[in-house]
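Below is one structure, written out as structure tokens; comments come after it.
The values are calculated or read from the model by the stated rules, or taken from the named source; none is laboratory data. Quick caveat: nothing in here was measured; it's all calculated off a predicted structure. Methodologically, a virtual Cβ is constructed for each residue, glycine included, from the backbone with ideal geometry; neighbour enumeration extends over all protein chains shown. Note: accessible area is taken over every heavy atom of the protein model, side chains too, but ligands, DNA and RNA are not part of it. Shrake-Rupley method; radii C 1.70, N 1.55, O 1.52, S 1.80 Å.
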Amino acid sequence: MEPLEKLRSVAQDPFGYARASQPAIEKPILGYFCSYTPEEILTAAGVVPFRIFGTQGDISLADAHLQSYCCSLVRGGLEDALKGNLSFLKGAVFPHTCDSIQRLSDIWRLNAGMDTHFDVVLPVKLTTRSARTYMIAVLNSFREELGQSLNVSISDSDLQQAIHTHNRIRDLLGRIYQLKSQHPGVLASADMYAIMKAAMVMDRPDLADHLDALWADLQVRASEATSTGRKRILISGGICNHPDIYHFIEEAGGDVVWDDLCTGTRYFEGKVEEAGDPIEAIADRYLNRVVCPAKHMGITARGEHLRQLVKAHQIDGVIFLFLKFCDPHGFDYPYLKGFMDQAGIPTLLLEVEEQLPGEGQFRTRFETFVDML
Amino acid sequence: MSDSSKRTDPEKEKRKIKSVQKMKEIMTNYYIEAKGAADTGKKVAWITSGGPVEPLIAMDVIPVYPENHGAMVGASKMGIDLCEKAEELGYPRELCSYARADIGCAVTDGGPIGGLPKPDFLVCCNNICGTVMKWYEVAARYYDVPLFMLDTPFTHREFPPAAKQYVIDQIYEYIAFLEENCGKKMDYDRMQEVGRLSLEGLRLWQAVLDSGAHKPAPMTAFDAFFHLALIVTLRGTQVAVDYYRQLRDEMQERINQGIGMVPNEKYRLLWDNLPVWYRTKWLSDKFAGHEACLVADTYTSAWSGVLPLLDEENFLESMAVAYSQVYINVSLDLMIDTLRRLIKKYDVDGLVMHSNRSCKPYSLGQYDLQKIVMEELKIPTLILEADMVDERSFSESQIETRIDAFMETLKS
């Protein structure tokens with residue numbers, strides 16, 4: 001299978017991929033919800049980190065544990081766990097993310113019936129020396145706890161090798177994103193989504209090889225890519241689990257050329273220093289990377305970052321895409337929109353749940369928005 | 001109105017808590033002083049309800065609590081208007097109604113006291129939620145003032161040494177922040193005295209709450225919601241100590257005289273989560289109508305709940321560690337321990353949980369807690385879906401039906 005086909009197929013059925021690949025790779029799989037999950041430590045322990053995106057089906061079992069005013073990512077993830085759809089997981093890793101995921105961790109531990117469970121209570125504040133010291137201590141304890149739980153020792157050289165693999169993946173994803181920004185016709189926007197989704201669930205060394213091959217293909221394609229004539233769109237928000245959104249935007253006359261999503265650029269931005277203490281290096285990436293709104297790094301860090309992205313990628317319009325009931329993103333929206341208003345960039349706000357509203361309604365909103373640009 | 005209805009009912013008079021008047025006086029004076037801070041040259045800091053206020057008191061800074069103000073907005077039934085103001089600015093309706101109401105007040109100088117005094121700086125402690133961090137970031141941008149974030153790691157199973165060191169380090173960073181923003185050094189003797197007063201206030205508040213264990217209970221959780229204000233806003237002052245001593249003595253006197261708050265108290269209930277501020281009277285009457293008394297709650301006991309972790313000899317550092325482990329900054333396992341203890345201590349017949357749309361860390365997980373309480377402790381439970389300030393999330397008929405049905409179960 002050519003690399004893009006492979007990534008598309010994984011993205012389409014990540015559970016199927018996990019179940020089918022597990023016997024061959026003989027690695028335990030651990031689920032996670034957050035871009036602050038220290039994947040390098042998991043990879044070094046011989047684990048496949050598997051991102052959970054929320055369920056595709058209806059939510060029924062999770063209703064016995066979570067109120068309706070909890071976001072669909074948390075409810076959907078629990079639903080899949082309770083239904084047994086995630087039975088290929090040996091457990092899950094919960095970095096402290098937000099109020100909802102913090103509680104999900106307890107509910108998951110009490111009800112999901114998995115072998116292992118890890119809480120990695122990282123600092124929320126990322127601006128001080130004491131926060132850095134604490135983060136390093138938390139990552140070190142996680143390294144120890146994970147090793148004990150899986151009965152493996154995680155050496156510095158295992159970590160260094162894992163860091164190298166993850167840096168390679170980040171570098172390739174970054175290059176593919178840059179290529180898409182330079183030549184929007186090189187890949188469909190929905191393919192960018194598929195690549196990212198696959199990147200967060202595949203066995204990472206295998207993924208790196210696929211991305212390498214894809215990169216080689218894309219360079220050839222880029223030389224042949226012609227202008228699409230579409231408007232340049234950036235999506236900003238938390239997680240996007242709706243490939244249809246990308247189709248609709250393209251049909252309305254827009255290319256998604258960049259994003260500010262935790263399942264997009266926030267996943268791969270920033271390198272881990274390959275020299276020196278590996279755990280300190282992992283911590284330093286988190287302390288320097290653009291923040292998730294559930295973390296604190298000054299009061300305008302995200303606004304300034306977005307302004308810079310819009311300029312660097314000549315963005316025509318920004319779509320804010322949030323999960324309903326996501327508090328951290330909800331609080332940031334008015335100020336981020338304010339930054340965009342000041343920069344003269346039109347914006348559109350979409351609050352979505354697991355299931356998208358009627359297709360017609362969505363198309364119309366995108367068409368109106370793109371026409372306005 | 002006929003003459004007879006104007007006459008006071010001696011039975012009702014007897015049940016009224018006399019200290020209420022004093023409390024109202026103290027709170028009025030407090031807000032007058034806070035609003036007049038610009039004239040007296042005192043600094044004003046906004047601080048979250050679970051935050052360490054004691055260093056502010058020691059530095060002679062006036063602490064102002066947007067959450068206490070949010071409760072006032074709710075009790076004054078001004079929540080919808082103010083929340084809608086924030087929604088017009090783009091804040092989603094799903095966000096905490098304290099935060100929305102506060103943002104609504106800031107931009108309109110509206111609300112029950114015409115807006116809060118503007119802050120000179122902000123102190124935010126995330127031991128109660130991640131929401132306060134986002135809310136205070138909004139305030140820091142709006143007022144263009146410095147923000148100090150005190151980050152208190154959540155306890156899932158334990159509070160490890162690294163977390164202890166992290167919060168202790170931050171207490172000294174906090175003091176350095178205060179020294180810079182106040183232009184003077186911390187007086188550590190004064191700080192020690194404030195710490196002593198804080199502890200004394202907390203012990204007295206706990207003694208007030210303990211009185212609910214007596215049958216009949218001399219006060220209810222609804223009274224505790226009202227009298228809580230000082231342990232939040234003036235903790236560490238002599239005023240709070242004197243007031244709670246008076247209130248404790250009044251409760252003791254009521255116990256001596258056998259005065260219960262609910263006439264013919266038959267059923268004793270435990271409340272979970274924040275109050276429904278705009279319906280406290282209605283709910284209180286509703287339960288009293290069933291001869292049910294809410295004798296305790298998990299909310300007002302959260303402040304004094306960490307007393308065993310506080311050390312008068314090492315107040316500052318023990319405070320950092322203690323405040324990190326308040327009731328909602330811990331896992332469901334640890335919360336169930338508290339519920340078990342309260343159910344036993346107050347000899348409770350049922351648990352009423354307010355599923356509060358505004359407060360995810362408090363409310364998510366309640367269904368699991370409910371299940372454990374019912375299965376393990378065999379205590380009937382009731383979940384009321386509502387919101388602490390936003391009345392649009394309160395359905396009177398639905399809640400009334402649920403309370404009636406729950407009380408029928410208890411009585412049968």
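Among the residues of segment A:104-160, write down those that are open to solvent by 40 Å² or more (accessible area, probe 1.4 Å), within 19 Å of A:A45 (Cα to Cα) and outside any loop (DSSP other than H, G, I, E, B).
Scanning segment A:104-160 gives A:N140, A:S141, A:R143, A:E144, A:E145, A:Q148, A:S149, A:D156, A:S157, A:D158, A:Q160.
Cβ-Cβ under 7 Å, sequence separation 6+ or interchain: first residue in segment A:82-110 and more than 20 Å from B:L334 (Cβ to Cβ), partner of a type in the set (D, E, K, R) and open to solvent by 10 Å² or more (accessible area, probe 1.4 Å). Which pairs?
A:F88/A:R19; A:K90/A:D115; A:G91/A:D115
Regarding B:V107, is this residue assigned to a helix (DSSP H, G or I), surrounded by fewer than 17 Cβ atoms within 10 Å (Cβ to Cβ) and among the hydrophobic types (A, V, I, L, M, F, W, C)?
yes
What are the residues in segment A:219-255 that are open to solvent by 10 Å² or more (accessible area, probe 1.4 Å) and under 18 Å from A:K311 (Cβ atoms), if any?
Answer for segment A:219-255, where residues must be open to solvent by 10 Å² or more (accessible area, probe 1.4 Å) and under 18 Å from A:K311 (Cβ atoms): A:K231, A:R232.
Which of (1) farther than 30 Å from B:Y172 by Cα; (2) within 11 Å of another protein chain (Cβ to nearest Cβ); (3) free of Cβ contacts under 8 Å to residues at least 60 places away in the same chain is the odd one out, the single condition A:S130 does not satisfy?
(1)
Name, by its number, the condition in (1) buried (at least 22 other Cβ atoms within 10 Å of the Cβ); (2) under 21 Å from the mean Cα position of the chain (by Cα) that does not hold for A:R285.
With (1) buried (at least 22 other Cβ atoms within 10 Å of the Cβ); (2) under 21 Å from the mean Cα position of the chain (by Cα) applied to A:R285, the lone miss is (1).
Determine which member of the set A:E26, A:E2 is touching a helix residue (DSSP H, G or I) at 6+ places or on another chain (Cβ under 9 Å) and among the acidic types (D, E).
A:E2
Could you tell me which residue of segment A:323-350 is nearest to the other protein chains (Cβ to nearest Cβ), considering only residues that are in contact with an Asp or Glu (Cβ under 8 Å, 6 or more places away or on another chain) and over 24 Å from A:L287 (Cα atoms)?
A:F325
Output the number of residues of segment B:267-289 satisfying the condition of being on the phi < 0 side of the Ramachandran plot and touching a strand residue (DSSP E or B) at 6+ places or on another chain (Cβ under 7 Å).
The total comes to 9.
May I ask you to list the residues in segment B:230-245 that are assigned to a helix (DSSP H, G or I) and either at pLDDT below 95 or buried (at least 20 other Cβ atoms within 10 Å of the Cβ) (or both)?
Across segment B:230-245, the qualifying residues are B:L230, B:I231, B:V232, B:T233, B:A240, B:V241, B:Y243, B:Y244.
I'd like to verify a number: residues in segment B:327-336 that are under 15 Å from B:A296 (Cβ atoms) and within 13 Å of another protein chain (Cβ to nearest Cβ), how many?
1
In segment B:83-102, how many residues are open to solvent by 10 Å² or more (accessible area, probe 1.4 Å), away from chain A (no Cβ under 14 Å) and either within 15 Å of B:G115 (Cα to Cα) or touching a strand residue (DSSP E or B) at 6+ places or on another chain (Cβ under 6 Å) (or both)?
Of the residues in that region, 0 qualify.
Give me the residue from segment B:354-376 that is assigned to a loop (DSSP other than H, G, I, E, B) and either open to solvent by less than 70 Å² (accessible area, probe 1.4 Å) or of a type in the set (V, I, T) (or both) and, out of that set, farthest from A:N111 (Cα to Cα).
Applying the filter and picking the extreme gives B:S358.
Can you find even one residue in segment A:330-350 that is open to solvent by less than 10 Å² (accessible area, probe 1.4 Å) and free of Cβ contacts under 8 Å to residues at least 12 places away in the same chain?
Within segment A:330-350 (the criterion being open to solvent by less than 10 Å² (accessible area, probe 1.4 Å) and free of Cβ contacts under 8 Å to residues at least 12 places away in the same chain), the answer is yes, since at least one residue qualifies.
Of the conditions (1) more than 14 Å from chain B (Cβ to nearest Cβ); (2) within 24 Å of A:M135 (Cα to Cα), A:I279 clears all except one; give me its number.
Condition (1) is where A:I279 drops out.
For segment B:5-16, check the following and say yes or no: at least one residue is in a loop (DSSP other than H, G, I, E, B) and in contact with a strand residue (DSSP E or B) (Cβ under 6 Å, 6 or more places away or on another chain).
no
Being open to solvent by less than 10 Å² (accessible area, probe 1.4 Å), in a helix (DSSP H, G or I) and under 19 Å from A:G264 (Cβ atoms) is the filter here, so list the residues in segment A:40-75 that pass it.
Of everything in segment A:40-75, just one residue is open to solvent by less than 10 Å² (accessible area, probe 1.4 Å), in a helix (DSSP H, G or I) and under 19 Å from A:G264 (Cβ atoms), namely A:S72.
Looking at (1) touching a helix residue (DSSP H, G or I) at 6+ places or on another chain (Cβ under 7 Å); (2) over 29 Å from A:D99 (Cβ atoms), which is the one condition that is false for B:G110?
(2)
Can you tell me which residues in segment B:127-137 are facing another protein chain (nearest Cβ under 7 Å) and of a type in the set (S, T, N, Q)?
Once the filter is applied, which keeps residues that are facing another protein chain (nearest Cβ under 7 Å) and of a type in the set (S, T, N, Q), segment B:127-137 yields only B:T131.
Take the residues in segment A:67-123 that are touching a Cys at 6+ places or on another chain (Cβ under 6 Å) and more than 8 Å from chain B (Cβ to nearest Cβ), then tell me which one is farthest from B:H354 (Cα to Cα).
Selected residue: A:P95.
Kindly provide the set of residues from segment B:62-82 that are part of a loop (DSSP other than H, G, I, E, B) and either open to solvent by 10 Å² or more (accessible area, probe 1.4 Å) or within 14 Å of another protein chain (Cβ to nearest Cβ) (or both), ordered by number.
B:S76, B:K77, B:M78 - these are the residues of segment B:62-82 that are part of a loop (DSSP other than H, G, I, E, B) and either open to solvent by 10 Å² or more (accessible area, probe 1.4 Å) or within 14 Å of another protein chain (Cβ to nearest Cβ) (or both).
So which residues in segment A:81-103 are farther than 22 Å from A:P293 by Cα and open to solvent by 20 Å² or more (accessible area, probe 1.4 Å)?
A:L82, A:K83, A:G84, A:N85, A:S87, A:K90
Considering segment B:342-353 alone, what residues qualify as being part of a helix (DSSP H, G or I) and under 17 Å from B:N273 (Cβ atoms)?
B:L342, B:I343
So, in segment B:172-184, exactly how many residues are more than 10 Å from chain A (Cβ to nearest Cβ) and part of a helix (DSSP H, G or I)?
9
Kindly indicate the residue of segment B:138-159 that is open to solvent by 20 Å² or more (accessible area, probe 1.4 Å) and at the interface with chain A (Cβ under 7 Å from one of its Cβ atoms) and also farthest from B:I336 (Cα to Cα) among those meeting that condition.
B:R141
Can you list the helices (runs of 4 or more DSSP H) lying wholly within segment A:265-373 that have 1 or more residues being under 30 Å from A:H164 (Cβ atoms)?
A:265-268, A:278-288, A:301-312
Condition test on B:P112, is it surrounded by fewer than 17 Cβ atoms within 10 Å (Cβ to Cβ), free of Cβ contacts under 8 Å to residues at least 60 places away in the same chain and not in a helix (DSSP H, G or I)?
Considered against the rule, which asks whether it is surrounded by fewer than 17 Cβ atoms within 10 Å (Cβ to Cβ), free of Cβ contacts under 8 Å to residues at least 60 places away in the same chain and not in a helix (DSSP H, G or I), B:P112 comes out as yes.
Go through (1) open to solvent by 50 Å² or more (accessible area, probe 1.4 Å); (2) over 27 Å from B:L150 (Cα atoms) for B:G36 and report which single condition fails.
If we test B:G36 against (1) open to solvent by 50 Å² or more (accessible area, probe 1.4 Å); (2) over 27 Å from B:L150 (Cα atoms), just (1) comes out false.
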